[in-house]
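As structure tokens, the structure follows; a few thoughts come after it.
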Amino acid sequence: MKICIYGAGAVGGLVAGRLAQGGHEVSVVARGAQLTAIREKGLRILFEGRESAAKIRAESDPALLGPQDCVFVAVKGQNLPEVAERVGPMIGRDTSIVTAMNGVPWWFFDRLAYGGGKLRLETLDPGGRLSKAMPTDRIVGCVIHLAASTPEPGLISHNMGSRLILGEPGGKNTARTKDLVAALVAAGFQAEESAFIEKDFWVKLLGNVSFNPVAALTLASAERLIADARVKAYMVEIMREVLAIGRAVGVDADIDPEARIDMARRLGKFKPSTLQDMEAGKRLEIDGLLSGTLEVAQKAGVRAPFTESLDGLIRLRAQSSGQYP
């Protein structure tokens, strides 16, 4: 397959490297030091103390790469408008678009019975720009359950886990999903097909909405959040609210908060991505995690006071450090 990874950060870089090593024609859209390093030394992957490298074409301008069989979008939510503006030249007649990111996807309501396909998440897709550039009938959602980081430009550290869950909105999977799952399995991932990808996004969301902002506020890694009884209790209340929001729109994550915390506990000592961004001085991913969730709550008529307070706290914290406009 001819595959472009749009966003060669930790997750995108790992997927790009593994797929390239598996024999696919892989390119990446990157910028800055990451772009330079990949061009000069290839994309390097560090796993269990061993480093491997893949020679991958890297460009800052996606128009130079031409139509793809698949575009794997692996950017933070705040960078999606840029993707929408520039992805067009890579979209051919049958191109699949994989969305691999945290939070509520902008297409969340498009194939749900709730709202009859007429609801749009304005906080995530103002004016429908994302939907126009990346139509839902091309989308394959991807939920990520692994830990990776970028210790230096061009180097991806694969820290733990390899699970990727893929499925098309509404649960009617086609050859798009099946072919991608097969390619990812062959590349060494624990990839699987989902019968209801919106549910899998919501299971992941329980952890994203609670762990990520709280970690950024406290500067504490995940295992420290779990170990503090009061902080853990606060995160459990947030998870209960997020569960209720999902159920109100027909997406039941069907998992107890304690079980969701156990999923994070099994990853061991790690820093959620929002904490990594806080420490690196990068813009924080708030809208996709919290604004989108609270807009779903508003449309469903569900109160979420714990989640609302967390949204206010992390937003003000990020504004104070210039990490949220």
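Tell me, what are the semi-axes, in whole angstrom and largest first, of the equivalent ellipsoid of the range 83-163 as set by the roots of 5 times the Cα gyration tensor eigenvalues?
27, 17, 13
Using helices alone, what [θ] at 222 nm do you get for the chain, with -39,500 (n - 2.57) per DSSP H run of 4 or more residues, divided over all residues and rounded to the nearest 500?
Taking each H run of at least 4 residues, the total per residue is -13000 deg cm²/dmol.
Along each of the three principal axes of the Cα atoms of the range 1-66, give the extent in whole Å, ordering the values from largest to smallest.
Projected onto its principal axes, the Cα set of the range 1-66 covers 36, 27, 19 Å.
Treating only the Cβ atoms of Lys and Arg (+1) and Asp and Glu (-1) as charged, compute the dipole magnitude of the range 70-194 about its Cα centre; round to the nearest 20 debye.
Here the size comes out at about 260 debye.
Can you give me the orientation-averaged projected area of the convex hull built on the Cα atoms of the range 259-310, in nm²?
Averaging across all directions leaves 4.8 nm² for the Cα convex hull.
What is the pair-distance distribution P(r) of the chain, computed from all Cα-Cα distances in 20 Å bins starting at 0, with each bin given as a whole percent?
33, 61, 6
Provide, for q = 0.13, 0.14, 0.30, 0.31 Å⁻¹, the log10 of I(q)/I(0) from a solvent-free Debye sum over equal Cα point scatterers in the range 233-286.
The Cα Debye sum returns log10 ratios of -0.46, -0.52, -1.05, -1.07.
Run the numbers for R240 and K55: contour at 0.36 nm per residue of separation, minus the present Cα-Cα distance, in nm.
Working it through step by step, the gained length comes to 62.1 nm.
Roughly how many Å² is the accessible area per residue of the chain, as a whole number, for a 1.4 Å probe?
42
For the chain, modelled as a GNM with alpha-carbon contacts under 10 angstrom, which of Q276, Q298, Q68 fluctuates the most?
Q298
With unit charges on the beta carbons (Lys and Arg positive, Asp and Glu negative) and the dipole taken about the Cα centre of the range 41-103, which residue among I56, G92, G103 sits farthest to the positive side?
Value: I56.
Report the net charge of residues surrounding G301, where surrounding means a beta-carbon distance below 15 angstrom and charges are Lys +1, Arg +1, Asp -1, Glu -1.
0
Of the beta bridges DSSP finds with both residues in the range 99-206, what % are antiparallel, to the nearest 5?
Given both bridge residues lie in the range 99-206, the antiparallel proportion sits at roughly 60 percent.
Which lysines does K2 reach when only Cα atoms under 22 Å apart count, and residues fewer than 8 places away in its own chain are ignored?
K41, K55, K178
Taking the range 26-113 as the region of interest, what is the percent of Cα-Cα pairs per 10 angstrom bin, listed from the shortest bin to the one with the maximum distance?
14, 40, 34, 11, 2
Using a cut-off of 10 Å between beta-carbons, work out the net charge of the residues near I197 (Lys and Arg +1, Asp and Glu -1, I197 not included).
Every neighbour counted, the sum reads -2.
Considering only V71, G17, M1, whose Cα is most displaced toward the positive end of the charge dipole of the range 1-80, charges sitting on Cβ of Lys, Arg (+1) and Asp, Glu (-1)?
So the residue furthest toward the plus end is G17.
For the range 211-325, would you read off the P(r) tail past 24 Å as a percentage of all alpha carbon pairs?
25
Over the range 162-273, what number does the Rg to Rh ratio reach, with both radii from the alpha-carbon atoms and Rh per Kirkwood?
Ratio value, two decimals: 1.03.
Which lysines have a Cα less than 18 Å from the Cα of K132, not counting those fewer than 8 places away in the same chain?
K118
Taking every pair of Cα atoms in the range 125-217, average 1/r, invert it to obtain the Kirkwood radius, and report Rg/Rh to two decimals.
1.02
When the dipole is taken about the Cα centre of the range 1-49, and only Lys, Arg (+1) and Asp, Glu (-1) are charged at their Cβ, what size is it in debye, to the nearest 20?
In total the dipole reaches around 100 debye.
Among residues other than V143 whose Cβ falls under 11 Å from its Cβ, what is the net charge (Lys/Arg +1, Asp/Glu -1)?
Surrounding charge for V143 is 0.
Counting only protein heavy atoms, what percent of the accessible surface of the range 200-279 is carbon or sulfur at a 1.4 Å probe?
The nonpolar share, carbon plus sulfur, comes to 51 percent.
Would you be so kind as to identify all helices of the chain, as entire DSSP H runs, whose Cα atoms reach 30 Å or more along the helix's own axis and whose mean Kyte-Doolittle hydropathy is at least -1.0?
Length and hydropathy pass: 197-218.
Over the heavy atoms of K132, what accessible area does a 1.4 Å probe trace out, to the nearest 10 Å²?
Here the residue's solvent-accessible area equals roughly 150 Å².
Can you compute the charge dipole magnitude of the chain about its Cα centre, using +1 on each Lys and Arg Cβ and -1 on each Asp and Glu Cβ, nothing else charged? Give it in debye, rounded to the nearest 20.
That gives a dipole near 280 debye.
Where a Cα-Cα gap under 20 Å defines reach, which aspartates and glutamates qualify for K199, not counting those fewer than 8 residues away within the same chain?
Result set, ordered by chain and number: D110, D137, E168, E237, E241, D252, D254, D256, E258, D262, D287, E295.
The values are calculated or read from the model by the stated rules, or taken from the named source; none is laboratory data. Predicted, not measured: the structure shown is a model, and the values here were computed from it. Using ideal geometry, Cβ is built from the backbone for each residue, glycine included, and neighbour counts are taken over all protein chains shown. Calculation scope for accessible area: heavy atoms of the full protein, side chains included, ligands and nucleic acids excluded. Shrake-Rupley method; radii C 1.70, N 1.55, O 1.52, S 1.80 Å.
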